[in-house]
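This report refers to the structure that appears directly beneath it.
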């Protein structure tokens, strides 16, 4: 990749009316973060000297998402050429290469942009390098008009002849331009076209008219998917998920049914992790080496340490910390709790705002009653403790190390180390009562 001077302009002023949303289009998420953040990460890897993002009025949320990049406001949406011109004051007399990208085209790779920059800074010194592609359905994309001497022009669909519409190479809108000539080209763009807009694409014909060379690089259609609707957002999500799964498997994780595993942009997976089908990773999840995750689990904001076993059908909510070798079983929910080394919570339990000590065993149906309708309180379960099935631990409460809680207990007071805690009604048996009850009911029914 070239080390020549680089600035980047990202166009992100569109509201995306086809999304039918109150949120700016570029703020819709892919793999758990706004799509524009994906693009900004790719931009950062190019190490540009300056980055300017063009936003629309009232798009403070976009400005926050792209910080620390500078933002400028396009108060009137008069076309792509007009949008790029809004960055002039921010870039000033920058004389390196200026890369123009789009906030709603988040799947671009650094490799593709690198090829554009190499072309732009090559021996032919083109004024404009355009990224073209060949979609399966060319539809109403603008067309690149090319010849032996390079790129001749870009023709928008509405302004193209039937012959030009048959050309297979389409315009993505992405360009690398010579900063020395950029503003002169933009200021000469007119709006005498079908849309009465100032097309950025006109810079090619203007540069050619000045005697300058123009060029193009061909990219893959998948990475040039523009997101303008919910359906296209879903297509982009599928692409991001395929990439994340491939990275996970290349990094040493086994996904037994890859297409069913949903990853987040920041999911961290160690080596020799095994992930079953239909597992969902939300933001902020870290998984250590040799962890086994069985099917149908859901994770968010949690950490799972080496050798732990999770699932199936387990849910780890924010603040869950699963220590080395711990077991979290089926239909268990953990929230803001630490399950220490070797502890087991294997069946049908809720553990929230708690510590479960090393090698403690939590019986089926146990819950920590952590919320009284106003405040959250903490439950502390010591190392080696055994909590019998169907127990309720009413916080704040402490179960000592090595203690046993009898099954079916509702514990409202602390249990000492190595003690037995019981809190359930005294067993009482009335012989023959059930038969007498049935006989009475039947006699009334038969009257």
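Values as computed for the structure displayed
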{"read-out": "Conditions (1) in the same structural domain as residue 322 (by TED's automatic domain parsing); (2) crowded, with 17+ Cβ neighbours inside 10 Å: number failed by residue 240", "value": "(1)"}
{"read-out": "Number of positions in the range 1-29 that are part of a strand (DSSP E or B) and at pLDDT below 90", "value": "0"}
{"read-out": "Residue satisfying condition, being touching a residue at least 12 places away in the same chain (Cβ under 8 Å), over 28 Å from the mean Cα position of the chain (by Cα) and at positive phi, within set 311, 365, 301", "value": "365"}
{"read-out": "Single unsatisfied condition, residue 162 versus (1) within 38 Å of the chain's Cα centre (by Cα); (2) surrounded by fewer than 17 Cβ atoms within 10 Å (Cβ to Cβ)", "value": "(1)"}
{"read-out": "Complete set of residues in the range 51-60 that are touching a helix residue (DSSP H, G or I) at 6+ places or on another chain (Cβ under 6 Å) and over 18 Å from residue 108 (Cα atoms)", "value": "54, 55"}
{"read-out": "Subset of the range 187-205 (residues that are in a helix (DSSP H, G or I) and surrounded by fewer than 21 Cβ atoms within 10 Å (Cβ to Cβ))", "value": "187, 205"}
{"read-out": "Neighbours by Cβ (under 8 Å, 6+ apart or cross-chain): first from the range 226-246, part of a helix (DSSP H, G or I); second modelled with pLDDT under 95 and loosely packed, with under 15 Cβ neighbours inside 10 Å", "value": "230/20"}
{"read-out": "Residue selected from the range 143-154 under the condition in a strand (DSSP E or B) and in contact (Cβ under 8 Å) with a residue 40 or more places away in the chain, by the criterion surrounded by the fewest Cβ atoms within 10 Å (Cβ to Cβ)", "value": "152"}
{"read-out": "Hey, residue 43 within 28 Å of residue 282 (Cα to Cα) and either assigned by TED's automatic domain parsing to the domain that holds residue 111 or not in a helix (DSSP H, G or I) (or both) or not", "value": "yes"}
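The values are calculated or read from the model by the stated rules, or taken from the named source; none is laboratory data. Model, not experiment: these values are computed from the prediction. Note that we place each Cβ from the backbone using ideal geometry, even for glycine, and neighbour counts take in every protein chain shown.
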